[in-house]
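Report on one structure; see the data block that follows.
The values are calculated or read from the model by the stated rules, or taken from the named source; none is laboratory data. On a predicted model such as this, the values are computed, not experimentally measured, just so you know. In this analysis, Cβ positions are derived from the backbone assuming ideal geometry, glycine residues included, and neighbour counts consider all displayed protein chains.
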Amino acid sequence: MISGLFCLCDWPKKYFHILLEFLNRQITIVGNYFIMQEYIVVEQSLGLQGTADLVGAKNAVLVIMTSLLLTAGKSTLTNVPASNDVFNMILLLEALGAQVLFNEDEHTLIVDTVSVNKWHVSPDIMKKMRASVLAMGPLLARFGHAELAVPGGCLLGARPIDYHLKNFEKMGVSIAMVGDELHTSCSQLSARRIVLEYPSVGATENIMMAATLAQGTTTIINAALEPEVFDLIEVLQKMGAHITVNAPATIIIEGVQELHPISHAIIPDRLEAGTLLIATAVTGGKIVLPQARADHLDLVLYKLDEMGHSIDIGQNNVGITLRATQAPKAVSFKTTPYPGFPTDLQAPMMVAQCLAEGTSVIEETVFENRLLHVSELQKMGAIIGVKDNKATVKGVGQLLSSAVAATDIRASCALVLAGMAAHGGTTMMSNTHHFKRGYEALDIKLNTLGARIRFVEE
Ligand code: UD1
């Protein structure tokens, strides 16, 4: 990193920005230094082979970390991935007064929430990660106050938080916009019948956490039922919350007086599993994922099977082996809430369609702006037409290495996968922070399976 640091001395920073923009270089300015931009360099690496362990699910661990704010005491989470979003969530908890100890090697996180005495989350933290909004429900439930800036995160369209706010208001919360911040407060949260107009994962989790300490019984109709929501439910039940799930998509929460610290192992990351399976499909190899839960990936496995890949599932749906076909057929799919095809695997699966025989129609229905990777794949020779939220992908047989830029966490992965299959030199991907946010050392895991991926600074 030292070689990447240069002192700006007294030069006005705006001149550097103008110069860098002119040169089209990606450089971050931190204090009086500028840091040369990092890239991920990917060389063609066909035929991934081997066995891979999975980390804990990012989308489960982040919300479970915020749920610890509902208790006062020491909780232990295991199988915690050392990804940048987890480090940001640690900063958030510490800023509120929690004592946090993270053993990255053992993936164990100990959080003591006894000393939590604040409910203001700084905009710096909020802007890094949309999941910070998930602190709102627990803070309201424990302190009757939460002050948060409007959250940041990936650029997947407008991504409002109106479902969270509207329903907190119904539960008796007053909300005021103060500058860039939302100041929310309530004297006592009231239980309500909440109807979500869309099964939003975050809104379901936030409302459910708040409702655990509300007076009376809250019912969430049209709730999200992702495996990560169930992992949170298990944690809340361990804390002493009374929660039941009924058909169709209804979560019932009976408020209790207080909740207790817990120990919990985070579920394996189905999105990391899906990414590794698709990486193997794209490079034409064989992979074994002993911890992968096949029942968390039904639609993905169904579509990979339809492409011609051979899939074996272990006993009780645990463990997946994929042997890639050398003649993959294009398949069409549409992203929908769980148990449909996950939006988070849409970009990697699109890479697989670029390399398949035939034409695939991919419809993104969860986020309105999640096809930004298309223009990057086009730079690599993909033939993709986009109309509204539908991409029509014509299989091209081979992709070509190119310079590309990641647009969100999952797109960063897709581009790395495309680079692994691409011919003619190396693929260089900028905006590496997206890749680091969502995954713990996925590059190293892929390299162990035969990939050739490295980080460089220029
Ligand atoms: C979570 C996941 C993310 C995944 C997404 C959908 C985490 C940390 N992130 O994000 O990886 O891609 O679920 O499976 O768990 N919406 C509104 N108003 C709201 C809330 C959501 O309009 O108040 C819209 C969103 O803009 C989006 C859709 O609802 O179009 C789904 O969003 P949601 O399920 O809330 O996603 P997140 O919880 O942000």
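What strands (runs of 3 or more DSSP E) lie completely within segment 344-448 and have 1 or more residues being surrounded by 18 or more Cβ atoms within 10 Å (Cβ to Cβ), at negative phi and within 14 Å of the ligand (Cβ to nearest atom)?
Numbers: elements: 359-364, 383-387, 390-394, 403-405, 426-430.
Correct list: 359-364.
Filter segment 214-230 down to the residues that are aliphatic (A, V, I, L, M) and away from the ligand (no atom under 16 Å from the Cβ) and list them by number.
Correct list: 214 only.
So that you can scan it fast, the table gives a plain yes or no per residue for (1) in the same structural domain as residue 236 (by TED's automatic domain parsing); (2) farther than 23 Å from residue 212 by Cβ; (3) among the hydroxyl-bearing types (Ser, Thr, Tyr); (4) touching a His at 6+ places or on another chain (Cβ under 6 Å):
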position: 107; (1), (2), (3), (4): yes, yes, no, no
position: 110; (1), (2), (3), (4): yes, no, no, no
position: 132; (1), (2), (3), (4): yes, no, yes, no
position: 166; (1), (2), (3), (4): yes, no, no, no
position: 175; (1), (2), (3), (4): yes, no, no, no
position: 193; (1), (2), (3), (4): yes, no, no, no
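Checking residue 269 against (1) on the phi < 0 side of the Ramachandran plot; (2) more than 16 Å from the ligand (Cβ to nearest atom), which test does it fail?
(2)
Got a sec? Which of 272, 226 is outside the structural domain of residue 139 (by TED's automatic domain parsing) and charged (D, E, K, R)? Talk me through it step by step, then tell me what you get.
On the way: 226 fails: outside the structural domain of residue 139 (by TED's automatic domain parsing).
Being outside the structural domain of residue 139 (by TED's automatic domain parsing) and charged (D, E, K, R) holds for just one of 272, 226, which is 272.
Can you run down the residue pairs with Cβ atoms below 6 Å, 6 or more apart or on separate chains, where the first is in segment 421-441 and among the basic types (Lys, Arg) and the partner is part of a helix (DSSP H, G or I)?
Note: pairs meeting the criteria are 436/84; 437/84; 437/85; 437/409.
So is residue 274 small (Gly, Ala, Ser), at pLDDT 95 or above and surrounded by fewer than 24 Cβ atoms within 10 Å (Cβ to Cβ) or not?
So residue 274 does not fit the description; no.
With among the polar types (S, T, N, Q), touching a residue at least 40 places away in the same chain (Cβ under 8 Å), over 30 Å from residue 371 (Cα atoms) and touching a helix residue (DSSP H, G or I) at 6+ places or on another chain (Cβ under 8 Å) as the only criterion, which of 204, 113 stands out?
113
If residue 370 passes every condition in (1) modelled with pLDDT of 95 or more; (2) touching a helix residue (DSSP H, G or I) at 6+ places or on another chain (Cβ under 8 Å) but one, which one does it miss?
(1)
Within the group 260, 242, 264, which residue is within 27 Å of residue 53 (Cβ to Cβ) and touching a residue at least 12 places away in the same chain (Cβ under 8 Å)? Give the derivation first.
Values: 260 fails: within 27 Å of residue 53 (Cβ to Cβ); 242 fails: within 27 Å of residue 53 (Cβ to Cβ).
Testing whether each residue is within 27 Å of residue 53 (Cβ to Cβ) and touching a residue at least 12 places away in the same chain (Cβ under 8 Å) leaves just 264.
Tell me which of these residue 162 doesn't satisfy, since it passes every other one: (1) more than 19 Å from the chain's Cα centre (by Cα); (2) modelled with pLDDT of 95 or more; (3) within 13 Å of the ligand (Cβ to nearest atom).
(2)
Residue by residue through segment 80-124, note down the ones that are closer than 20 Å to residue 433 by Cα and crowded, with 22+ Cβ neighbours inside 10 Å.
We begin by selecting, within segment 80-124, every residue closer than 20 Å to residue 433 by Cα; these are 80-92, 104, 123-124.
Selection gives 80, 81, 83, 85, 86, 89, 92.
If the requirement is being in contact with a strand residue (DSSP E or B) (Cβ under 6 Å, 6 or more places away or on another chain), free of Cβ contacts under 8 Å to residues at least 60 places away in the same chain and away from the ligand (no atom under 16 Å from the Cβ), which of these qualifies: 329, 334?
Unique residue meeting the criteria: 329.
Checking the structure you have, find out if any residue of segment 441-454 is touching a Ser or Thr at 6+ places or on another chain (Cβ under 7 Å), modelled with pLDDT under 95 and not hydroxyl-bearing (Ser, Thr, Tyr).
The answer is no, given that none of the residues of segment 441-454 is touching a Ser or Thr at 6+ places or on another chain (Cβ under 7 Å), modelled with pLDDT under 95 and not hydroxyl-bearing (Ser, Thr, Tyr).
State the number of residues belonging to segment 107-142 that are more than 14 Å from residue 84 (Cα to Cα), assigned to a helix (DSSP H, G or I) and within 16 Å of the ligand (Cβ to nearest atom).
Of the residues in that region, 7 qualify.
State all residues of segment 326-341 that are under 17 Å from residue 48 (Cα atoms) and either surrounded by 15 or more Cβ atoms within 10 Å (Cβ to Cβ) or of a type in the set (Gly, Ala, Ser) (or both); if no residue qualifies, say none. Step through it out loud before you land on a result.
The initial filter retains those residues of segment 326-341 that are under 17 Å from residue 48 (Cα atoms), namely 326-328.
Within segment 326-341, 327, 328 meet the criteria.
Yes or no, residue by residue, for (1) in contact with a Gly (Cβ under 7 Å, 6 or more places away or on another chain); (2) over 30 Å from residue 405 (Cβ atoms); (3) of a type in the set (A, V, I, L, M):
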{"position": "118", "(1), (2), (3)": "yes, yes, no"}
{"position": "128", "(1), (2), (3)": "yes, no, no"}
{"position": "170", "(1), (2), (3)": "no, yes, no"}
{"position": "177", "(1), (2), (3)": "no, yes, yes"}
{"position": "180", "(1), (2), (3)": "no, no, no"}
{"position": "195", "(1), (2), (3)": "no, yes, yes"}
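I need a count of the residues in segment 125-144 that are crowded, with 19+ Cβ neighbours inside 10 Å, free of Cβ contacts under 8 Å to residues at least 40 places away in the same chain and under 15 Å from residue 98 (Cβ atoms).
Looking only at that region, the number is 1.
Yes/no matrix, rows are residues, columns are (1) of a type in the set (Asp, Glu); (2) surrounded by fewer than 16 Cβ atoms within 10 Å (Cβ to Cβ); (3) within 16 Å of the ligand (Cβ to nearest atom):
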| position | (1), (2), (3) |
| --- | --- |
| 209 | no, no, yes |
| 212 | no, no, no |
| 232 | no, no, yes |
| 237 | no, yes, no |
| 240 | no, yes, no |
| 243 | no, no, no |
| 246 | no, yes, no |
